[in-house]
Structures are given as C-alpha cells and as structure tokens.
Amino acid sequence: MGQRAEAVITSKAEVDRAGLSAVFAGAALSRFGSCVATRIPALADLAPYNKARGFRLDERDQLDDITNFYDVVGVRPAVEVCEPDASEQLDGLLRDANFAPAANGVTLHTTPTVRPEPQVAGLDVWEVGPEDHAGYEALLLEAYELPTQALALRRMFAREHATAGLRRYFVAVDGVPAAAAALYLHDGTALFTGAATLPAFRRRGCQSALIARRLADAAADADLVVTTAAAGSDSHQNLAHHGFATAHRRTLWEGPQPVP
C-alpha cells in the first residue's frame, strides 16, 4: 500500500514536470535508481519542487550524483525519506554528507466509499467543467494567498492544476464559490490535491464537503485514496477526522548550500 501511495504522488509530479525545461531555465527531472529527483531553479527556496523523492539506502552510492544534480544550477540539494526506508544507517549516511532533517510530513490513505455529504445550509459542491477552469484557478490562487509578484510560482501552480485527467471541484457558500480541490487518478489509486478555502469562508465545512464528494467520485475508479500533509497540521487533523490514516511518515533532509 505504501508503494502504491508513493507511486501516484510521483506520477503526478512527473506529469506536471514533463517538458518543464522549456518553461523554466535549468528545470529537470532525473532518476537515480528508484529515486526521482526534480529541480526548478526559479523556485529554489521551495523544497517540494527541488527534492529527490524516495531516497533509500540502495541509492547511497548515488548521493553525490544527486547532490551534483542540484549544485550545478545553484539549488540546495534535498532528499525525502519515507518511514519504511528510514534507518539509523541511512540517517548516519546523510548526516555524514552534511544533510540535516528539515521538515516532517505524512502520507495518508483511506478506502474510497460513498458517504453522506455534510448537510450544511447554503453549501453546495459541484465538479468544475472546462468552462469554469479559469475561475477555478483564480479561486485557488487567491485561497492559497499567492502574491501576484510570485510569477514563477503562479506559473507552476497553473501547470499543476491543468494536468490531463485532473478532476476539479468547487464548493459554494450561499451561491458564492468559496473553496476548491482536485482529484487525480493513476492505476486504480486516487490522489487528493489542491485543496484550499478563501479566508472569509474558512471553518464553514467547505473542505469536509470536498473530501466527501471526492471520496464518493473516487470510489468508481479506485480502491485506495492517498494524500499528503504537514505532520500535525490542520489539514492532517481534518483528513484524519474523515477516516484517513497514516500510511507512513516522510522526512525531508536538506544538504549544504551550494558554493557560489
């Protein structure tokens, strides 16, 4: 189950980053054994876009190559280790290479089922059609509170929400679009992604409604739903409340800053 969970997460990352070098200078995706490394120098300060996913002890002989993959474009190297692969030996290897743990996340999972959607007066959920894509993207950009001057991040964000086959959803409060979220399917596994609520509508049940709707829709094509969250975050707690359990923890290790 853990391998399936990471496979759908990696699939989405690979699809979104295909051909990215034509959009961002120095952007690239490369495999080091079973480890998938991505980099976007224009977003060098954002580890989700600049890390090697699924680093294991089996890849220890390639750590120098992974580090160089980032160093050559002036990006700080980072590797992500999933809990099943963590060990004292691997920790020691990374520390000896001047890597240090920087952030903890969780991969969560549940079985998709049709469950009653929360009955909240004035709240409606619907799937976004092609004609509403621009509005969907605009709402999420506002809900994530991305500054208008963050052009590279906004461009990458738009790419991530234009993935082929991605299913998109709105929830409205009293007829006003208030939150959005997405669902990605790969080989019978569903991935929850892109969930955010406008500040004025938070704590009104919007995300609960989006979770219930996506679980119901995923049930037709998947037997496993996964997502990720920062460990202990509000999102983590909300997902746990709706039946998501921890598949495994994931630790981001950051290496030394490249020498100019």
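All of the numbers you see were taken from the coordinates with simple rules; none came from a lab. Model, not experiment: these values are computed from the prediction. Reconstructed Cβ throughout: ideal geometry from the backbone, glycine too, with neighbour counts over all protein chains shown.
The figures follow:
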item	result
Cβ crowding within 10 Å averaged over residues, with 206-217, 5-16, 248-259 ranked highest first	206-217, 5-16, 248-259
DSSP-defined antiparallel bridges as percent of all bridges, the chain, nearest 5	90
HN-Hα J in Hz across segment 62-67 - Karplus 6.51, -1.76, 1.60, θ = phi - 60°, x for Gly and Pro	10, 4, 5, 5, 5, 4
Paramagnetic reach from residue 231 in segment 54-93 [backbone N under 15 Å; point 7 Å along Cα→Cβ]	80-88, 91
In degrees, nearest ten, helix 2-17 long axis to first principal axis of the chain (Cα)	90
Using alpha-carbon coordinates, inclination of helix 133-143 to the longest axis of the chain, degrees	70
Added length on full extension, which subtracts the Cα-Cα distance from 0.36 nm per residue, residue 133 to residue 3	43.6 nm
Rounded to 10°, Cα long-axis angle of helix 151-160 versus longest principal axis of the chain	70
Mean-position separation - Cα centroids, segment 64-86 and segment 161-206, in angstrom	31
Computed [θ] at 222 nm, deg cm²/dmol, the chain (DSSP H ≥ 4; -39,500 (n - 2.57); rounded to nearest 500)	-9000 deg cm²/dmol
Label-point separation in nm, residue 73 to residue 154, each point 7 Å along Cα→Cβ	2.2
